[in-house]
Amino acid sequence: MKVSFTEWTKSGSPWVWLNAGAVAICVIMVVGLLSLIAVRGLGHFWPADIQQATYSLNGEKSRVIGEIVESEQVPAEQLRDAGVIVPEGTLMMRRDLMKIGNRDVTGTDFTWVLDNNLSERSNPEMLFTAERREWGNFYGYLRALKEGDKLVGQYDGYEKTPEYVALWKGFEASIERALIIRKDIYQIEKHEIGSINYELERLRLKQRALELKEVSDPAPYAEIEARRKELNTSYEGLQQSLIDLYTEINRDTIIAEVSGGQEIDIAVAKIVRAFRPNDMSVGAKLIHYAEKIKEFVSDDPREANTEGGIFPAIFGTVMMVVLMSILVTPFGVIAAVYLREYAKQGFTTRLIRIAVNNLAGVPSIVYGVFGLGFFVYFLGGNIDRLFYPEALPSPTFGTGGLVWASITLALLTVPVVIVATEEGLSRIPRAVREGSLALGATKAETLWKVVLPMASPAMMTGVILAIARAAGEVAPLMLVGVVKLAPSLPLDANYPFLHLDQKFMHLGFHIYDVGFQSPNVEAARPLVYATALLLVAVIALLNISAVQIRNHLREKYKSLEM
Amino acid sequence: MSIENTSAPQIDFNTPAQLRMRKFRALKDKLASGGIAVGGISVIVAILLIFFYLLYEVMPLFQSAKVQPWQQNEQAIESYSVPGSGKTLYLSMEEQAEIGVRVTDQGEVVFFNTLNGSVIKSETIDIPANSSITGLSTISDPLRQFAIGFSNGDALVIQHNYTSSYPDGERVITPALIYPLGKAPIHIGNRPLKLLGISHTEENWNLIGGDETGLTQTKISVEENMMTGEIETTTESEALPQFNLKAQKLLLFPDRRWLLVAGKSTLAVVDLKAEDGPRTTQVIEASKGNITNFQMLLGGNAVLIADDLGKVSQWFLIRDEDTDWKFTKIREFSGGNAAVVDLTIEHRRKGFASIDELGTLRLFNTTAERNALTATVIKGTADSISYAPRSNAMFIEKDGQLSLLEIHNEHPDVSWSALWDKVWYEGYEEPEYIWQSSAANNDFEPKYSLMPLAFGTLKAAFYAMLLGTPLAICGAIYTAYFMIPAMRRKVKPFIELMEALPTVILGFLAGLWLAPFMENQLAGIFVTLLFVPIAIVAFGFAWAQVPNKYRFMIPEGWDAALLLPVVILATLFSLSVSDGIEGILFGGDMRLWMSNELDISYDQRNALVVGIAMGFAVIPTIFSITEDAIFAVPKHLSYGSLALGATPWQTLTRVVLPTASPGIFSALMIGMGRAVGETMIVLMATGNTPIMDMNIFEGMRTLAANIAVEVPESEVGSTHYRILFLAAFVLFMFTFVVNTLAELVRQHLRKKYGSL
């Protein structure tokens, strides 16, 4: 059917199509964003092949080894200006970003190479990647394995031969051994010595408190001193076993060849994991992938948060959110019940309702400033003066901490809970309440036994939405207690177990910090994507469940409305 | 048939147990009511607390200063007669304002208790034989240095110094005199040193001295011998050219290039480092009356000139168009008509105090152009005043009586004009809006103009709304009005889900993915923005040409789904051809072309990046509310219109949208509120430089991001800290007002629809 353009325009169809286009663009943007995060976040853990190639630049040839991370087109002009010899007539050239690792040798993790100038590309099976505790990844060939000064094995070629594989197996066994010892060291350093230090600090504070109270009785001092002696003795014992373990773990070293041809020594104790991606089957890669994901969610970060796991951040976020929910649920519900069931409906309640609604729109940073000024400096400062004078001038509650972060976020999210609960309460038919009252129940009984149970899904919705909001907020937390690296978790085996005054790590802040404050942003980026993916997944899940509960609730009460 | 009247079973409802039970239940009910009321009200109070606490932190900024006699044990201390003999030449205090120092024309240096004038220590300066003290010049109040000139042309540089010690847990301050250039006087010239101008760095000292008839400059360089630790000095002297005015006072700038010579009402500016020797560059009529005092402000850049007409003016050197330095009057502080007798400079801030012959004390701040206090503190004409280093106390000397005043002036550097108007800062060529809250050096002039931040906030919000609004509103129109319900039920929650997306993630993507991408594909972005709508319309037209047989296979209302591949393909196509277009139109690199041809500078993290990222953040908010508003328009309105023969588009624009427009307005308001208060996206996706430039390719700093960056480092209770609270308060009020407005509009709308 032929339609003339003028007629088509006159009918307004172009505008309808443009409106439809807007929806399509919105949906594409959302999907695109989520898939960008998902692809980059999940791709990070896959063991990438290591390429070896000969790279010629301005006539000089060198061997490069590394993973190609991304490619882009650059104008040839720009390269010429930088002094690179580019063939005449080319306008654009492809440039690859290569992760070459070996920061201790080359000084950088990444380098740009011109794709055209790479030749003799190969993926040698014996090339290996080692994830290290410092200096980032290592790429190269295994040359020898040493136990102390004794050479255990050695190999010179590049091909996969049985001898070479045997040497590799020895290396793997050595890593395994070092990791087991590392676990013991971790146990002693983190837990045993950690708790001794913690108790020593508590003793110091106790003594200071006694001095401040001007207690002259020597008995408590002697007690403290005795306990301190005891602790110091056990500390020395642990110190000795630590020294032994360290000698043990530092026994093995390997010699490895890097792309430039030089051979360097690497202590096996410094290696977290070594693998040869070019020689891995898909199955092996999958196992590796699963291991990496497990490490990501359950381990501590390494190397200024750019490697390793994000467990403390997950833990901190969860702790904060749990505390916040404990605070926000009763208060939000009580306020909603008051507004809906008890307060006299009129101008004032309407005003309050508008105010509460609008507080949800107040910028979160304002809450952060309030939290910092009122909770941290004012309340915290006074608490310190009253209850923790022995620790002054170093603040206990007078600085950002878990409790202040939770309260601040509870304040930030209380409007969400109030609004959701109120909506739930308003949906409960009058008849149900009246029935209960007619049967002789008091108002409180009606509320407790009839109204609240019926409104519970709405409260759930509110709390879930509050949690989702709190989990994603970063700006206020930056002011009231989040840090880039917390020395210990806010919940541990040391009395009083839950350390409300402690600073903590947070997923959202982790993203900001690693993505923007990290010295090695390029290397950290994949980890940030992974963290972002985790955060998005958690929040999307919470929101979807809130929506589901809300829909379920609506269905449920439809039958009650006669 | 008979009806048996059976009596009702006898149940006693009033057994003691029942009664107790009922009482208990009633009590529980009362308790619950009380508890809930208390809980509910306390939550609401907590919310109100935010408002009042912010206000409480901000209020001190706008309180005026207070002055009163110094209070000791809740009693005002009396004035006392000046310790020592002779006329006061110099009067000052140490840090704690516990010890005062007075230098007299008899060569006495008296350290005394500031509360009662009892002498703590008294020293006498060695006056060279056959001469007397002819002049004294303050080198620097914060450094506690001054110089004394003798009638034989010698000068002595002295510093009063204090050390604190804590024997027996009590603080004891011990005063002492130090001679930075040695105890032996320095010979400057042969004239009596009535006038002195001194300035120095660690090693180099310039001393200019003389009387009305002529001046001599002496340069001294001090070097510490590395081996012996001895101090070696080298001295050279030269005579300065004559001036045609009767010099009354000298000031030498710390750069040791500029010398100011004040006459009766004129001022000569001398360039000591001019190519062909010292030269007078300017002679200025500095006052209509007579100059009574002139002093250097903290930092050594600006000069204050007081006259007998009650005016104090601030001057500094700025470069004119010919890059010549010109000593220029910047601003004038007027206070009354009585002659200003003395000025005293604050040691830590850009402030000063003046006292006039009627005994009226005025406290000023130069940056804020603020008169923080006007109070008559003394009857008659005071001789001199002197600030304590912390500006919390002041000496006033009158007729041999000394009184100590207590001054409360916490935040003089804030005023409406300092926050919102252009301010002429020291060292700048013209008044400007600048936010620069801290610097490394002590004598820094804090620049607290909120304008660049407010501008940045609105700029970010503007670009975000520019990109977000059309998409959100058009999308909402389609979803609410044209889309089939099955699809609407999927699309709406999906887009709304994005509202919960943490902004830190959007910020991170904008900063680390979008910004570099845009830098590479700038032309591509613009081609996409132009080409995608064209492609959509073209596809729509092409679709209309498709025979009905195929067209009707896809039901109406699925257009958006059809467009998904079109938009994706159009975007990919635009990005791929953009390189070619860039080559043809912009010579291969659009950014280069812009900076060369249009003189537009380009930051990687710019307003366009923020606009896209924050547009993304506001889309769900605006979309959701707009969609609700349009969907809530009663269906019979549009049915009526359609029945009368209007096309769906006509119905939409003439019937539905006007009805829903208040709702759309409230959606825009709420979206705006969100864009204004957003922190993380702006923090991560811009360079956070507080500039005022509408250029879409440059960054900005917003109020919210500024708070996030600076609050953790600002000192509690300081002016900076309170200004950040003020910024938070401004944000709070802005969003609160905007949201309330939106909410009221929405409620009004709801009522209106109720009647339809």
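Read-outs: derived from the displayed coordinates by stated rules, not from any lab. In this text the structure is predicted, and so the values were computed from the model without any measurement. No Cβ is skipped: glycine too gets one built from the backbone with ideal geometry, and neighbour counts run over all protein chains shown.
Averaged over the residues of peptide A:514-520, the number of Cβ atoms from other protein chains lying within 10 Å of each residue's Cβ is 2.
Each part gets one Cα centre, and for region B:100-124 versus region B:252-307 those centres are 32 Å apart. Within chain B, the longest run free of chymotrypsin sites (Phe, Trp or Tyr not before Pro) that sit in a DSSP loop with at most 16 other Cβ atoms within 10 Å is B:14-427. Dividing the convex hull volume of the alpha carbon atoms of the protein assembly as shown by its residue count gives 332 Å³ per residue.
Let me know the shape class of region B:498-558, please: from the alpha-carbon gyration tensor, a ≥ b ≥ c as square roots of the eigenvalues, rounded when a/c is under 1.5, otherwise prolate if a/b is greater than b/c, or oblate. It comes out oblate by the Cα gyration axes.
For region A:138-279, the residue among A:153, A:256, A:278 whose Cα projects farthest onto the positive side of the dipole built from Cβ charges is A:278. Counting neighbouring Cβ atoms within 10 Å and putting the fewest first, the residues A:64, B:119 line up as B:119, A:64. For region A:381-458 and region A:1-50, what is the centre-to-centre distance using only Cα atoms, to the nearest Å? Each part reduced to its Cα centre gives a spacing of 42 Å. Which aspartates and glutamates, if any, have their Cα less than 20 Å from the Cα of residue B:273, not counting same-chain residues under 8 positions apart? Output for residue B:273: B:202, B:203, B:236, B:238, B:255, B:320, B:322, B:324. Per residue, the protein assembly as shown reaches -14500 deg cm²/dmol at 222 nm when only DSSP H runs of four or more residues are counted, each adding -39500 (n - 2.57).
Report the Cα centroid-to-centroid distance between region B:440-480 and region A:511-562 in angstrom, as an integer. Going from one Cα centre to the other spans 26 Å.
Under 26 Å of direct C-alpha separation, and excluding same-chain neighbours fewer than eight residues apart, residue A:213 reaches these lysines: A:229. Within straight-line reach of residue A:443, meaning a Cα separation under 23 Å, sit the following lysines at least 8 residues removed in sequence or on another chain: A:344, B:23, B:28, B:30. Taking GluC sites (Glu not before Pro) across region B:462-532, none is in a DSSP loop with at most 10 further Cβ atoms lying within 10 angstrom of its Cβ. If only the Cβ of Lys and Arg carry +1 and only the Cβ of Asp and Glu carry -1, the dipole of the protein assembly as shown around its Cα centre is close to 6780 debye. For GluC sites (Glu not before Pro), the sites in region B:683-756 that DSSP calls loop and that have at most 10 other Cβ atoms within 10 Å are B:715.
With a threshold of 31 Å on the Cα-Cα distance, the over-threshold entries among A:99/A:190; B:121/B:194; B:326/B:422; A:449/B:492; A:190/A:294; A:99/A:294 are A:99/A:190; A:449/B:492.
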